[in-house]
Amino acid sequence: MIELLVFDVDGCLTDGGIMYGNSDVEEFKTFHVKDGFGIVSWMKLGKKTAIITGRSSRVVERRAKELGITYLYQDVKNKKAVLQEILEKEGLRFDQVAAIGDDLNDLSLLRAVGLSFAPADALPMVTESVNIVLTKEGGKAAVREMIDIVVEKENLSEAFVKLWL
């Protein structure tokens, strides 16, 4: 059973674009509200979430806090090793994890987990390595599509809908 969802940010939770403002600290990213709603709903089922990303951004920290993401790790060079730390804390195994990634730095993590996903616009080497290539591109509700697939596979659809009725 999947207990933990792991998300990359740039190219998965966002379209990968980064906008800079006039100051050195102004950075802008666009997140899709459907992804956020899916993440919150997943956690309402008593499940865990993690963002493991190679960049560091205050915008990501703000979004993770807003959604109540269980674990946030930024500026990560070895995503699989960080996931191993989380699994040890939670008493979970790699096969209890579903993850989404879009680029080469996600491959070792994606190859280790029980269920792996890539947005439609991920690198070909990534799409060839995952269990499921999504129909949606990164930042365009790909994470929500991932969550809906996991919910269906885990036979949690009824409970997922009842959260909001």
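The values are calculated or read from the model by the stated rules, or taken from the named source; none is laboratory data. Keep in mind it's a predicted model, so treat the numbers as computed, not measured. Neighbour counts are summed over all protein chains in view; Cβ atoms, including those assigned to glycine, are modelled from backbone coordinates with ideal geometry. The area values use the complete protein model at the heavy-atom level, side chains included, leaving out ligands, DNA and RNA. Shrake-Rupley method; radii C 1.70, N 1.55, O 1.52, S 1.80 Å.
Values for this structure:
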quantity	calculated
Neighbours by Cβ (under 6 Å, 6+ apart or cross-chain): first from the range 51-68, in contact (Cβ under 8 Å) with a residue 12 or more places away in the chain; second of a type in the set (S, T, N, Q)	THR53/GLN74; GLY54/ASN105; SER56/GLN74
Boolean, PHE31 is hydrophobic (A, V, I, L, M, F, W, C), in contact with a helix residue (DSSP H, G or I) (Cβ under 9 Å, 6 or more places away or on another chain), open to solvent by less than 10 Å² (accessible area, probe 1.4 Å) and closer than 26 Å to LEU104 by Cα	no
Residue count for the range 74-106, restricted to those that are in contact (Cβ under 8 Å) with a residue 40 or more places away in the chain and assigned to a loop (DSSP other than H, G, I, E, B)	4
Odd one out for ASN105 among (1) open to solvent by less than 70 Å² (accessible area, probe 1.4 Å); (2) within 24 Å of VAL60 (Cα to Cα)	(1)
In the range 39-73, the residues that are outside any loop (DSSP other than H, G, I, E, B), among the small types (Gly, Ala, Ser) and closer than 18 Å to LYS89 by Cβ	ALA50, ALA64
Condition broken by ASP121, with the remaining ones in (1) without any contact (Cβ under 8 Å) to a residue 40 or more places away in the chain; (2) out of contact with any helix residue (DSSP H, G or I) (no Cβ under 7 Å at 6 or more places or on another chain) satisfied	(1)
Residue in the range 43-58 that is crowded, with 20+ Cβ neighbours inside 10 Å, polar (S, T, N, Q) and closer than 25 Å to ALA159 by Cα present	yes
Failed item in (1) modelled with pLDDT under 95; (2) of a type outside the set (Gly, Ala, Ser); (3) surrounded by fewer than 19 Cβ atoms within 10 Å (Cβ to Cβ); (4) under 13 Å from the mean Cα position of the chain (by Cα), with THR70 passing the rest	(1)
Some residue of the range 6-14 being within 12 Å of the chain's Cα centre (by Cα), assigned to a strand (DSSP E or B) and either hydrophobic (A, V, I, L, M, F, W, C) or buried (at least 19 other Cβ atoms within 10 Å of the Cβ) (or both)	yes
